[in-house]
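Chemist: The structure is given below, and queries will be raised subsequently.
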Amino acid sequence: MSKVTVFADNMPNIPWQDRPANAIGPVWRYSENPIIGRNPLPGVARIFNSAVQPWEDGFIGVFRGEQTNGVPHIYLGRSKDGIHWEYETEKIQFVNEKGESYMPRYAYDPRLVKVEDTYYIIWCTDFYGAALGMAKTKDFKTFIRIENPFLPFNRNGVLFPRKLNGNFALLSRPSDSGHTPFGDVFISESPDLTFWGKHRHVMTRGYNQWWQALKIGGGAAPIETSEGWLLFYHGVTGTCNGYVYSMGACILDKDEPSKVKYRSENFILTPEEWYEERGFVANVIFPVSALCDAESGKIAIYYGAADSYVGLAFTTVDEIVEYVKAHHVENGDDASIGIL
Ligand code: BMA
């Protein structure tokens, strides 16, 4: 039983490996990483930046599949243990409310979040430029696209797993049409997933933490705890050799998540292993999904590695909360409600 309470379901079959004796920091990698290798499907060269949920007696996931023509789309996968996956060979077929085909031109970095009895996929889509796309499903057979939440340009849409004060809440990262050399995380609310407003700034790039000084973006759907919303996100630094993506963690206020309560000044995972340092885009750790077993407090984080693989990392809610609190530093006006 963890000291920090998690407000989520129990997940006794969560993928897990105990902390190895030589682990440094609050998060440790799965020893068999990467869990998904190259050319996982006919016509798909790489799977990375993908999201997972429990489903039936195992797990289901939405996977960013880079097709051999270079265009990313989302593929469905199923797994008994959350580690070994079988994919549908055809990309997810999205439809509109009338059941007619409504395919995005491309789709990448999908998040998968359950709110009440519905699963939502949020991804980066082409809406006259990079923007957020959204779809819903209850059975993982029919995927109905709903309105694109925001104008271009925007990426890294992360939905909260429950409504807050009666509204859906969505983190996003306004961007540009390219590789965006800036970016803070914002939050917006909607009563119906069609009309969005009450936009607030959540957190800024790192003021004096170079690993996240260029831009940041939400990662996994926040985990509700007695300390607040635990968020794993990515932070980016610009180097002579290009961008380097690391994983950070913070805790947002439970009732007003535009306020950051604690935010670790240190990254919690940075590219060190061959599958993170070497690949289609070198030096990328891109967290997209985190499973949590409320009973034990075990957390399994799925992250894209070097735009080529999927990695799995572990922590516990007690360890990560303690670490984030112990390494908290004030950052700009992160602690404020985020409206000027
Ligand atoms: C970001 C996104 C991610 C990608 C990362 C590193 O802008 O496009 O999909 O993992 O760049 O290339």
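Chemist: Of everything in the stretch 172-192, what is among the hydrophobic types (A, V, I, L, M, F, W, C) and free of Cβ contacts under 8 Å to residues at least 60 places away in the same chain? Give them in sequence order.
Modeler: Matches in the stretch 172-192: 182, 185.
Chemist: Collect the residues in the stretch 223-247 that are within 16 Å of the ligand (Cβ to nearest atom) and out of contact with any helix residue (DSSP H, G or I) (no Cβ under 6 Å at 6 or more places or on another chain), keeping them in residue-number order.
Modeler: Of the residues in the stretch 223-247, the ones within 16 Å of the ligand (Cβ to nearest atom) are 232-239, 241-247.
Result: 232, 233, 234, 236, 238, 239, 241, 242, 243, 244, 245, 247.
Chemist: Is there any pair with a first residue in the stretch 147-164 that is free of Cβ contacts under 8 Å to residues at least 60 places away in the same chain and a second that is of a type in the set (Ser, Thr, Tyr) and part of a strand (DSSP E or B) whose Cβ atoms are under 9 Å apart and which are 6 or more apart or on different chains, and what are they?
Modeler: Between residues of the stretch 147-164 that are free of Cβ contacts under 8 Å to residues at least 60 places away in the same chain and residues that are of a type in the set (Ser, Thr, Tyr) and part of a strand (DSSP E or B), the close pairs are 148/125; 149/172; 149/188; 149/190; 150/172; 150/188; 154/172.
Chemist: If I go through the stretch 298-320 residue by residue, how many of them are surrounded by 19 or more Cβ atoms within 10 Å (Cβ to Cβ) and out of contact with any strand residue (DSSP E or B) (no Cβ under 7 Å at 6 or more places or on another chain)?
Modeler: 1
Chemist: Which one of 27, 71 is among the aliphatic types (A, V, I, L, M) and open to solvent by less than 20 Å² (accessible area, probe 1.4 Å)? Show your work before the answer.
Modeler: On the way: 71 fails: open to solvent by less than 20 Å² (accessible area, probe 1.4 Å).
None of the other options fit; the residue is 27.
Chemist: Then there's this: Just one of (1) within 12 Å of the ligand (Cβ to nearest atom); (2) surrounded by fewer than 24 Cβ atoms within 10 Å (Cβ to Cβ) trips up residue 217, so point out which.
Modeler: Failed condition: (2).
Chemist: Pull out all pairs, ordered by first then second residue, where Cβ-Cβ is under 8 Å, the residues are six or more apart or on different chains, the first lies in the stretch 100-117 and is farther than 30 Å from residue 224 by Cβ and open to solvent by 20 Å² or more (accessible area, probe 1.4 Å), and the second is away from the ligand (no atom under 16 Å from the Cβ) and outside any loop (DSSP other than H, G, I, E, B).
Modeler: From the stretch 100-117, the pairs are 101/94; 101/95; 102/94; 102/95; 102/145; 103/94.
Chemist: Can we say residue 122 is open to solvent by less than 50 Å² (accessible area, probe 1.4 Å), in contact (Cβ under 8 Å) with a residue 40 or more places away in the chain and more than 17 Å from residue 189 (Cβ to Cβ)? Outline the logic, then answer.
Modeler: Values: open to solvent by less than 50 Å² (accessible area, probe 1.4 Å): yes; in contact (Cβ under 8 Å) with a residue 40 or more places away in the chain: yes; more than 17 Å from residue 189 (Cβ to Cβ): no.
Answer is no for this residue.
Chemist: Do the conditions hold for residue 267, that is, is it more than 14 Å from the ligand (Cβ to nearest atom) and within 20 Å of residue 156 (Cβ to Cβ)?
Modeler: Numbers: more than 14 Å from the ligand (Cβ to nearest atom): yes; within 20 Å of residue 156 (Cβ to Cβ): yes.
Here the answer is yes, as residue 267 does meet what is asked.
Chemist: Pick out the one residue from 323, 245 that is of a type in the set (Phe, Trp, Tyr) and either surrounded by 24 or more Cβ atoms within 10 Å (Cβ to Cβ) or under 22 Å from residue 159 (Cα atoms) (or both).
Modeler: Every option except 245 fails the conditions.
Chemist: Could you list all residues from the stretch 150-204 that are touching a Gly at 6+ places or on another chain (Cβ under 6 Å), within 16 Å of the ligand (Cβ to nearest atom), of a type outside the set (S, T, N, Q) and open to solvent by 10 Å² or more (accessible area, probe 1.4 Å)?
Modeler: 152, 153
Chemist: Which members of the stretch 48-68 meet the condition of being farther than 12 Å from residue 302 by Cα, open to solvent by less than 10 Å² (accessible area, probe 1.4 Å) and either β-branched (Val, Ile, Thr) or within 16 Å of the ligand (Cβ to nearest atom) (or both)?
Modeler: Here is the first cut: in the stretch 48-68, the ones farther than 12 Å from residue 302 by Cα are 54-60, 64-68.
Narrowing further to those that are open to solvent by less than 10 Å² (accessible area, probe 1.4 Å): 58-60, 65.
Scanning the stretch 48-68 gives 60, 65.
The values are calculated or read from the model by the stated rules, or taken from the named source; none is laboratory data. Just so it is clear, the model here is predicted, and its values are computed rather than measured. Please note: Cβ atoms are built from the backbone with ideal geometry, for glycine as well, and neighbour counts cover all protein chains shown. Heavy atoms of the whole protein, side chains included, go into the accessibility calculation; ligands, DNA and RNA do not. Shrake-Rupley method; radii C 1.70, N 1.55, O 1.52, S 1.80 Å.
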